[in-house]
Each structure stands twice: as C-alpha cells, then as structure tokens.
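Here's the structure, in structure tokens; my notes come after.
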Amino acid sequence: MGKVFAITNQKGGVGKTTTAVNLGAYLAVLGKKVLVLDNDPQGNATSGLGLRKSEIKKCIYDVLVSEIPIEEVILPTQVPNLWAAPATIRLAGAEAELVGMMARDQRLRRSIEPVRQAYDYILIDCPPSLGNLTLNALAAADAVIVPIQCEYYALEGLSQLMKTLQLVQKYSNPSLEVEGVVLTMYDHRTNLSQQVAEEVRNYFQDRVYNSVIPRNIRLSEAPSHGLPINLYDNRSKGAEAYFELAKEVIARE
Ligand code: ADP
Ligand code: MG
C-alpha cells in the first residue's frame, strides 16, 4: 500500500523542502518508488530536484484547478525510483481560486487517487501557511511528518498546527495521523539545540525520529546545483542523517 505523507509546518525555513527532497531521494535509494509532490508555489522542491521551472508547462496548479490527470505533470528525476509532480509560481493562484470551488479541500486527494498505488511513498511538500493548499495536502495524506528547526521559537505555532490537524481529522480526514517529527538544523555545539530537542521530545514523545538532521552546509548548497544530497555529497553529515531517517521511516511501517 502506498503511503502519503504531508511534510508540513506553517513556519517557513524549518526544513520542509529539504526533508521532502532528501528523504524522498534516500527512500528511492533504498528501493522504494517515490513521488515528491511539490505543493508550494515557491517550487523549491521542484528546482531542488533539478527540474527547470521555466521549462515546465503543466504543474500541480493544473491538476488542482483544471483537473488534468496528475500523470500528465509527473516527471522523472535524476534519482532512479524518484519522480516529481512539480510546482511553479502559477500555483500561487490556486490558493484564492480554490475558494469558490466544490470540495475545495478534497481536490488533491482525488487527483492522487489514480496514482496512489503506483508509489510506495508520496511526499507532499507544503507551503508555509495553513491555507487551502496545505488543507488539500492534509486531506490527501495518511499522515504528517513535521520538521522542527532546533532554534528559538521552534515550538511556537505548533499548537496551532495541532489544532488544524484536529479540525482536518474531524471534518475531512478522520484517519490522519502524526507519523513523525524530524528535528532539523541541529547544532550539537549549542545548548539551545539540545534544549529545543528535549522540549520537542517531551511534547511528541516517541513520535520524534531518532535520526536528527544536523545543520550542514552541504544540505544548503545542494539545491543550488539542482541535486538531492545523495548526488551532491553522499558522505556529508547531512546525507548520512537523511539516509538514517529514510531507514527509520521504512522501519516504522
Ligand atoms: P522550508 O521548506 O520549511 O521553508 P527549507 O527546507 O527550504 O525550509 O530550508 C530553509 C533553508 O535552510 C534553505 O536555504 C535550506 O537549504 C536550508 N537548510 C535546510 N535544512 C538545513 C540543514 N539541515 N542544514 C543547513 N541548512 C539547511
Ligand atoms: Mg519549502
């Protein structure tokens, strides 16, 4: 059975896209068939996977708003077993356009239904908000993976995210779960990182993955080369951490 994970946290810059791209890449390296679905108008996952946005004619916008089959937008990536459903800036229009539409929060769920079984994992990279695009991702997902940056204010906004998840459970997706919490940009030299990690573990308990993603320069360089970390620097600390995370995600099944 294919598993659909929404990678979500309404805070920007916490590592959602980095996690979608690199967790996706290592799940693929481990032999899983993976689709990274870029649900953020910024399209960072799309370019991080090496796809040129200027050359993309149809994207998730057309799937959500014009209801074209998702198969028409899915593209292969440089990593075997890893595909992408790209986003371009046109997707920004969907946030408002969805408002007047029927079943506006169910459209992504319906769109991915035909391909759900074709993949072992579908990872949906969410925008930094709790608007219509994120609500669509939450309605489509089996579970959420929440990246939390090991910085001050990390926990701020999480209660709002949890409230949103409860509302989605109540009104549109009763079986939605928190699959896991990933600690990102961890700096082992600072007390702050340790404190935040401890607080997050107190709050989410065993939902927090043992694999912690360190702050690692190679992870931040890789997207500018359009490469997931396994192709950019397979031996970096960041690569090792995402490889471990991928193994842990598979082991949790
Ligand atoms: P989000 O998708 O939540 O907005 P990103 O994944 O785009 O966050 O990360 C925000 C910025 O931080 C990006 O420039 C990214 O390259 C960088 N970054 C993400 N994770 C790490 C990390 N573990 N170490 C160093 N830089 C990181
Ligand atoms: Mg992002």
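No lab work stands behind these numbers, since they all come straight from the coordinates. Values in this document were obtained by computation on a predicted structure and should not be read as measured data. All Cβ positions, glycine included, derive from the backbone under ideal geometry; neighbour counts span all protein chains shown.
Picking from residues in the stretch 145-171 that are in a helix (DSSP H, G or I) and not hydrophobic (A, V, I, L, M, F, W, C), the one that is nearest to the chain's Cα centre (by Cα) is THR164. Counting only residues that are more than 10 Å from ligand 2 (Cβ to nearest atom), in a helix (DSSP H, G or I) and under 17 Å from ILE89 (Cβ atoms), the stretch 17-47 holds 2 of them. The set of residues from the stretch 183-226 being in a helix (DSSP H, G or I), of a type outside the set (A, V, I, L, M, F, W, C) and within 15 Å of ligand 1 (Cβ to nearest atom) comprises SER193, ARG218, SER220, GLU221, PRO223, SER224, HIS225.
Just to be sure, is VAL115 within 18 Å of the chain's Cα centre (by Cα), assigned to a loop (DSSP other than H, G, I, E, B) and β-branched (Val, Ile, Thr)? Taking the combined requirement at face value, the residue does not satisfy it. For the stretch 48-65, the set of residues classified as among the aliphatic types (A, V, I, L, M), touching a Ser or Thr at 6+ places or on another chain (Cβ under 8 Å) and crowded, with 24+ Cβ neighbours inside 10 Å consists of LEU49, VAL63, LEU64, listed by residue number. Going through (1) more than 19 Å from SER211 (Cβ to Cβ); (2) surrounded by fewer than 24 Cβ atoms within 10 Å (Cβ to Cβ); (3) of a type in the set (Gly, Ala, Ser) one by one, ALA45 falls short only on (2). The residue pairs whose first member lies in the stretch 1-27 and is closer than 12 Å to PRO147 by Cβ, whose second member is more than 13 Å from ligand 1 (Cβ to nearest atom) and in a strand (DSSP E or B), and whose beta carbons are closer than 7 Å, counting only pairs six or more residues apart or on different chains, are PHE5/TYR121; PHE5/ALA143; PHE5/VAL144; PHE5/GLU179; ALA6/VAL144; THR8/VAL144.
Within the option set GLY15, GLY2, being within 16 Å of ligand 1 (Cβ to nearest atom) and not basic (Lys, Arg) holds for one residue only, GLY15. Among the residues of the stretch 131-144, the ones that are closer than 20 Å to VAL34 by Cβ and part of a loop (DSSP other than H, G, I, E, B) come to 2 in all.
Name the residue, out of PRO174, PRO128, PRO80, that is surrounded by fewer than 23 Cβ atoms within 10 Å (Cβ to Cβ), within 16 Å of ligand 2 (Cβ to nearest atom) and in a loop (DSSP other than H, G, I, E, B). So that I can check it myself, show each step before the final result.
Numbers: PRO174 fails: within 16 Å of ligand 2 (Cβ to nearest atom); PRO80 fails: within 16 Å of ligand 2 (Cβ to nearest atom).
Every option except PRO128 fails the conditions.
Every test in (1) buried (at least 22 other Cβ atoms within 10 Å of the Cβ); (2) in contact (Cβ under 8 Å) with a residue 40 or more places away in the chain; (3) away from ligand 1 (no atom under 16 Å from the Cβ) is passed by LEU135 save one, and that test is (2).
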